[in-house]
Amino acid sequence: MLARTLAVIGLAAAISTGLTGFAGAAPADRSGDAVVLKGSDLGGLLGTAPDKIVGFKWSGGQWAQIPVQVDERHTINARQLYPDDANGYVGPTTKGFQLEVYADAKTRSGVDEDASFDADDEFTFMAGDSGPKAPASAGVPEGANGGSGVKVDVSDTLGGGHAYVYLFKSTGGLDPSAGMDYVDYDFKLTNLPAGGSLLNDYGYIHSTNPEDSTVKTKDYELHSTDRWMEDELKVKTGDSTGVDILDREVAQATLFYCGRTEYTFSGHWLDDNYPANDGDTDDEGTYVATIDGPVRAIRSYMGSNSGPYTQREHIYYADHEVNTIFLRVHPMLDLYSWTDYAPSAIGMTYRDSKNLDGVTVDGDPDTLTPTTSADVAGGAYAWQQLSGPQGTVSSVVGAVTNIPDANFGNYYLDTDTPSGAMETQCGGDGKSIGASGFGILGPTTPNTDPRTDPFNDLTVKRVRYFGPPSDGATQAETYKERVAKPLAASSSASPFSNGPAVKLKVSLPGKKAKAHRGKAYKVRVRVANSGKLAAKKVKVCVRGAALKRRGACRVVAVVPSRKARVAVVKVRVKANAKGRKLRLTVTAQAQKVKAAKRLNVRLK
């Protein structure tokens with residue numbers, strides 16, 4: 001079954017306060033978002049041990065280290081995320097599909113088979129930790145290997161401007177965290193036996209797995225009691241009161257039925273308001289990753305009854321959460337994911353993209369203009385917001401799907417006495433206070449389980465920002481623009497090095513053919529550049545006394561840093577060339593750097 005709402009993964013994201021104070025910087029109102037790059041975007045660092053990659057910005061005329069984070073990813077058969085004896089909805093061990101996930105030694109995802117920083121790994125830093133372009137005289141930060149440098153250029157697709165981060169391999173003694181921790185994620189299972197572990201003692205089959213897990217940052221706090229079950233939210237930024245405003249996070253299939261909700265997904269059959277569930281046991285669940293890093297934390301899990309591979313992924317940053325549900329289940333009717341607030345949220349104002357003036361959250365029903373598929377699908381985003389002295393929660397939602405004519409919309413219900421058939425409360429305090437979220441309205445959602453053909457893809461992206469009481473509709477619109485138009489980021493070799501800028505090496509690959517007097521002869525030349533900068537206009541020459549005009553040259557436009565290129569140089573042997581061997585000198589030259597190699601071939 002499911003509950004689903006999606007999260008993000010992406011490639012760039014947003015900018016932070018550190019971008020102020022220098023010309024051309026991206027706007028400060030993008031503070032707190034992250035730049036996320038794949039290993040394939042940072043080729044110069046591939047093969048490096050993750051704990052040896054460190055980041056710096058230029059600040060106040062000197063280098064300042066910033067926190068960076070590598071999260072390893074790999075592709076596995078999804079079936080390995082469950083033990084062999086989980087054979088209900090999960091199916092036999094021969095039934096699965098390939099899936100790229102976060103690697104985690106603490107879960108059945110396991111370690112990345114390539115322990116180094118590889119192409120599918122993710123590299124993250126806060127854009128607020130970027131700075132201006134470093135001057136040519138900056139040199140190399142202490143403790144860094146300059147020959148390994150990579151410059152990341154972060155550009156703002158909304159307001160323009162650029163900012164920069166410089167990455168290096170550590171020579172030892174530098175911690176990638178730079179002594180900072182933006183998110184404190186304390187994952188805690190409360191029913192493990194003494195000495196037990198998530199990997200070996202988790203209740204994967206027909207079991208509750210009670211938690212006392214918390215996420216704490218300077219701006220907010222969250223508390224979870226099981227996989228799909230969140231029961232506390234405190235906004236702490238600005239002059240927010242910090243009171244807990246959450247009753248529960250809801251995941252529900254159809255509005256009138258409690259047979260499939262966050263309770264059943266997590267094995268809590270006895271804890272909902274639906275006695276008909278009390279004898280049921282058909283559920284399986286698993287964790288993909290629980291990661292607590294200096295820049296962000298990751299909480300990823302699976303299992304929603306007959307959708308055992310439906311996945312929810314929370315990625316927590318200092319001032320916001322990216323929440324993704326990947327729907328993988330057989331055909332369904334309507335499906336919903338919403339936040340049900342507590343009575344402590346009464347008095348706040350609810351607004352959304354279609355209702356900018358808002359209504360007061362007071363437990364009395366309201367009539368609002370609905371959000372439609374056109375507002376949230378195909379690259380579009382909508383927002384919802386609750387704001388008051390308690391703080392502000394602004395959620396930006398969008399859906400990515402190939403389902404034709406998909407029917408999406410917002411969900412909102414504010415009544416302290418829900419009684420209608422479409423107002424069913426499956427748990428919590430029985431009230432619906434400012435309850436707001438996302439709905440897949442059906443009437444039928446086609447198959448999204450990759451184990452059965454044909455299947456469609458459906459993910460729902462929610463980015464939830466935690467702001468001060470002063471946030472309103474204008475700020476929510478700004479958040480929407482930031483999600484819709486993330487920062488762009490590109491990388492190039494850093495100009496700062498304690499190694500050579502260009503370092504060339506010549507080799508002669510392949511078997512060498514005989515040379516014939518009076519005939520043309522082709523020489524394949526491989527030129528490698530192990531320097532920190534690209535070698536440009538590389539002149540490759542083949543010389544010899546027995547050659548007409550004493551040889552020939554050709555130019556290779558560029559040999560990138562830590563790359564190689566092959567050039568074919570065509571020369572002509574003199575008809576009167578003497579001896580049994582053709583003796584040649586092969587050279588490559590660029591930027592006052594030269595490499596050479598001798599070549600002797602049989603002469604006929």
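The values are calculated or read from the model by the stated rules, or taken from the named source; none is laboratory data. Only a predicted model underlies this, so the values are computations on that prediction, with no experimental measurement involved. Quick reminder, even Gly has a Cβ in these numbers, built from the backbone with ideal geometry, and neighbours come from all protein chains shown.
A few remarks follow.
- The single condition among (1) over 52 Å from the mean Cα position of the chain (by Cα); (2) under 30 Å from T171 (Cα atoms); (3) not polar (S, T, N, Q) that K503 does not meet is (1).
- Residue within region 46-56 that is touching a helix residue (DSSP H, G or I) at 6+ places or on another chain (Cβ under 8 Å), in a strand (DSSP E or B), surrounded by 22 or more Cβ atoms within 10 Å (Cβ to Cβ) and at pLDDT 95 or above present: yes
- Flag set for R328, criterion: basic (K, R), closer than 30 Å to E122 by Cβ and either crowded, with 22+ Cβ neighbours inside 10 Å or at pLDDT 95 or above (or both).
- The set of residues from region 560-586 being surrounded by 18 or more Cβ atoms within 10 Å (Cβ to Cβ), closer than 29 Å to N529 by Cβ and not polar (S, T, N, Q) comprises R562, R565, A567, V569, V571, L582, L584, V586.
Residue-by-condition table, conditions (1) under 23 Å from G44 (Cα atoms); (2) outside the structural domain of H516 (by TED's automatic domain parsing); (3) touching a residue at least 40 places away in the same chain (Cβ under 8 Å); (4) not in a loop (DSSP other than H, G, I, E, B):
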| position | (1), (2), (3), (4) |
| --- | --- |
| L533 | yes, no, yes, no |
| C553 | no, no, no, yes |
| A557 | yes, no, no, yes |
| R565 | yes, no, no, yes |
| V571 | no, no, yes, yes |
| N576 | no, no, yes, no |
| L584 | no, no, yes, yes |
| R598 | no, no, no, yes |
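- Among the residues of region 562-604, those identified as under 52 Å from the mean Cα position of the chain (by Cα) and of a type in the set (G, A, S) are A564, A567, A588, A590, A595, A596.
- The requirement of being assigned by TED's automatic domain parsing to the domain that holds L45, assigned to a strand (DSSP E or B), farther than 30 Å from P560 by Cα and in contact with a Pro (Cβ under 8 Å, 6 or more places away or on another chain) is satisfied by S387.
- Scanning region 462-482 turns up no residue that is outside any helix (DSSP H, G or I), more than 23 Å from the chain's Cα centre (by Cα) and free of Cβ contacts under 8 Å to residues at least 60 places away in the same chain.
- Considered as a group, the residues in region 132-187 that are of a type in the set (D, E) and within 26 Å of F466 (Cα to Cα) include one that is modelled with the lowest pLDDT, and that residue is D156.
- Among the residues of region 182-234, those that are of a type in the set (F, W, Y) and farther than 17 Å from V288 by Cα comprise Y182, Y220.
- Cβ-Cβ under 9 Å pairs, at least 6 apart or on other chains, region 351-372 side assigned by TED's automatic domain parsing to the domain that holds G437 and more than 15 Å from D416 (Cβ to Cβ), far side β-branched (V, I, T) and part of a loop (DSSP other than H, G, I, E, B): D352/T369; D352/T371; S353/T371; K354/T369; K354/T371; K354/T372; N355/T369
- Some residue of region 448-461 being more than 27 Å from Y381 (Cβ to Cβ) and without any contact (Cβ under 8 Å) to a residue 60 or more places away in the chain: yes
- Test: residue in region 120-136 that is more than 27 Å from Y317 (Cα to Cα), in contact (Cβ under 8 Å) with a residue 40 or more places away in the chain and of a type outside the set (A, V, I, L, M, F, W, C): yes
Residues are listed down the side, and each one gets a yes or a no for (1) under 18 Å from Y220 (Cβ atoms); (2) in contact with a Ser or Thr (Cβ under 7 Å, 6 or more places away or on another chain); (3) among the small types (G, A, S):
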residue: G391; (1), (2), (3): yes, yes, yes
residue: V396; (1), (2), (3): yes, no, no
residue: P418; (1), (2), (3): no, yes, no
residue: M422; (1), (2), (3): no, no, no
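- Within region 177-209, considering residues that are touching a Lys or Arg at 6+ places or on another chain (Cβ under 8 Å) and surrounded by 15 or more Cβ atoms within 10 Å (Cβ to Cβ), the one nearest to D226 (Cα to Cα): N209
For every residue, the table says whether it meets (1) touching a helix residue (DSSP H, G or I) at 6+ places or on another chain (Cβ under 7 Å); (2) farther than 21 Å from A345 by Cα; (3) not assigned by TED's automatic domain parsing to the domain that holds D366.
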site	(1), (2), (3)
L413	yes, no, no
G430	no, no, no
G439	no, yes, no
S470	no, no, no
A473	no, no, no
K480	no, yes, no
A489	no, yes, no
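- Test: residue in region 286-293 that is more than 27 Å from E221 (Cα to Cα), in contact (Cβ under 8 Å) with a residue 40 or more places away in the chain and in the same structural domain as R227 (by TED's automatic domain parsing): no
- Any strands (runs of 3 or more DSSP E) falling wholly within region 200-277 and containing at least 1 residues that are free of Cβ contacts under 8 Å to residues at least 40 places away in the same chain: 213-216, 220-226, 229-235
- Residue among P486, P450 that alone is surrounded by fewer than 19 Cβ atoms within 10 Å (Cβ to Cβ) and within 30 Å of L327 (Cβ to Cβ): P450
- Of all residues making up region 92-107, the number that are under 20 Å from the mean Cα position of the chain (by Cα) and either surrounded by 15 or more Cβ atoms within 10 Å (Cβ to Cβ) or within 20 Å of L189 (Cβ to Cβ) (or both): 8
- Residue pairs whose Cβ atoms lie under 6 Å apart, separated by 6 or more positions or on different chains, with the first residue in region 172-194 and free of Cβ contacts under 8 Å to residues at least 24 places away in the same chain and not assigned by TED's automatic domain parsing to the domain that holds Y287 and the second part of a loop (DSSP other than H, G, I, E, B) and surrounded by 15 or more Cβ atoms within 10 Å (Cβ to Cβ), do not occur.
- Top-ranked residue of region 502-523 - restricted to ones that are of a type in the set (A, V, I, L, M, F, W, C) and surrounded by 14 or more Cβ atoms within 10 Å (Cβ to Cβ), ranked as farthest from A595 (Cα to Cα): A515
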